[in-house]
Structures are given as C-alpha cells and as structure tokens.
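FYI, it's all coordinate maths here, none of it is from the lab. Predicted model, so just to flag it, every value in this text is computed and none were measured. When we count neighbours, we look across all protein chains shown, and the Cβ atoms used for this are built from the backbone with ideal geometry, even at glycine.
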Amino acid sequence: MDDERSDIGAQWNRAQVTRLARQLGYELVWPHGTSPLNLIDQVRNADVDAVVVSSASDLDALTVDRLMQICDIEIVTPRETFARHFVGWHGWTA
C-alpha cells in the first residue's frame, strides 16, 4: 500500500511540475536518474533557464545557492520563484 501511495504522490508531483513549466513557457528536460552527474552538473550541461521543483523541501540550501548561480528556480508549492544571481561586473567600468 505504501508503494502505491508514493507512486501516486510522485505522479501528482510530476504532473504539477509539468503544468507549471508549461504555464511559464518552459520546455521540460527531466534529469537522468542513472546519470553519474549530480543535479548541478546536469543543469549546467543541459544549459537550462530554470529548474522547476514540486516543493521547497526538494532542494537543500547549498543546492539552491549553487543552482541560483546558473539558472532560476521555480517552486510549485508554495508558489515561489528564485531568480538567478548574476555574478561579476559585466558591462560596468570603473
């Protein structure tokens, strides 16, 4: 029974992520579960604009910080957006 519930929950979360990504105009690229690369490296290699997750608890603080250096983060519940950090002084001269 627990496996059945967790499968239904996973399907629900995936559907919610898909719905939000479409609303925001993103094309979905799902991470490869069998990849030897961690999430940060997969995001960097895929050159994505945003990572969409179902819940804020899906990512730890260090991962959020590292992701925000390369893309935006969209969270389904609670609905939040974290815009990427722009690092460097591009276009600014002293």
Check: region 1-54 dipole with +1 on Lys, Arg Cβ and -1 on Asp, Glu Cβ, in debye: 200
Estimated 222 nm signal from helices in the chain, with DSSP H stretches of n ≥ 4 weighted -39500 (n - 2.57), rounded to 500: -12500 deg cm²/dmol
Degrees, to the nearest 10: 2-23 long Cα axis against longest axis of the chain: 40
Gyration tensor (Cα) of region 1-68, equivalent ellipsoid semi-axes in angstrom: 21, 16, 12
Charge dipole (debye, nearest 20) of the chain; +1 at Cβ of Lys and Arg, -1 at Cβ of Asp and Glu: 280
The chain: antiparallel DSSP beta bridges as a percent of all, rounded to 5: 40
Residues with amide H under 5 Å from that of Asp72, placed H, sequence gap 5 or more: Ala50, Val51, Arg84
